[in-house]
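Visitor: Take this structure first; my questions come after.
Just so it is clear, none of the values below were taken in a lab; they were calculated from the coordinates. Please read these numbers as outputs of a predicted model, since none were measured by experiment. Note: ideal-geometry Cβ built from the backbone for every residue, glycine included; neighbour counts use all protein chains shown.
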Amino acid sequence: MSDPSRELACAVLVVSGKVHGVFFRASAQAEAMRLGLIGEVQNLPDGSVEAIVEGERRAVEEFVSWCRRGPPLAIVEGVEIRWKPPRGEFRTFTIVR
């Protein structure tokens, strides 16, 4: 029987609050790499940050928990999460400029 925490998952997160100019993207990249995740993170024009992460479900859920806090200077007011099937479109975790 397979371990459900090891199944692959993909989440698209939109993090709102004070998340621009506080090293959110760089910190999210470091956290994703630490967890062995792939995907990307970018600032959105409305002041929020979008992250797409793929990897083992346990690691994706841990990343979601990290996003609810963010780096020390961030003030996270909300995290919208949309789960979708992983497509394997990423090779690493990158910051989109």
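Visitor: Given the Cα-Cα distance of E80 and L44 and 0.36 nm per residue of separation, how much length would full extension add, in nm?
Guide: 11.6 nm
Visitor: How compact and how long is segment 4-96, expressed as Rg and Dmax of its alpha-carbon atoms in Å?
Guide: So, for segment 4-96, Rg and Dmax equal 12.0, 37 Å respectively.
Visitor: Between E61 and R97, what FRET efficiency comes out of the Förster formula 1/(1 + (r/R0)^6) with R0 = 25 Å and r the beta carbon distance, rounded to 0.05?
Guide: Working from the Cβ atoms, E equals 0.35.
Visitor: Residue by residue through segment 43-49, which ³J(HN,Hα) values in whole Hz follow from phi under the Karplus form 6.51 cos²θ - 1.76 cosθ + 1.60 (θ = phi - 60°), with glycine and proline marked x?
Guide: 6, 9, x, 7, x, 8, 10
Visitor: So between L8 and M33, what do we pick up on full extension, going 0.36 nm a residue minus the alpha carbon distance?
Guide: On the way: separation 25, 0.36 × 25 = 9.00 nm, distance 1.58 nm.
The L8-M33 span can extend by a further 7.4 nm.
Visitor: A further question on this structure: Treating the angle as unsigned and between 0 and 90°, give the value, to the nearest 10°, between the Cα long axis of helix 57-69 and the longest Cα principal axis of the chain.
Guide: So the helix axis and the longest Cα principal axis differ by about 10 degrees.
Visitor: Moving on to the next point. Cut-off is 10 Å between beta-carbons; in what order do E7, E54 appear when sorted fewest neighbours first?
Guide: On the way: E7 11, E54 23.
Going from least to most buried by this count: E7, E54.
Visitor: With contacts defined as alpha carbon pairs under 8 Å and 6 or more residues apart, what's the relative contact order of segment 4-96 in percent?
Guide: Worked out over segment 4-96, it gives 45 percent.
Visitor: So, in Å, what gap is there between the alpha-carbon centers of segment 42-65 and segment 1-40?
Guide: 4
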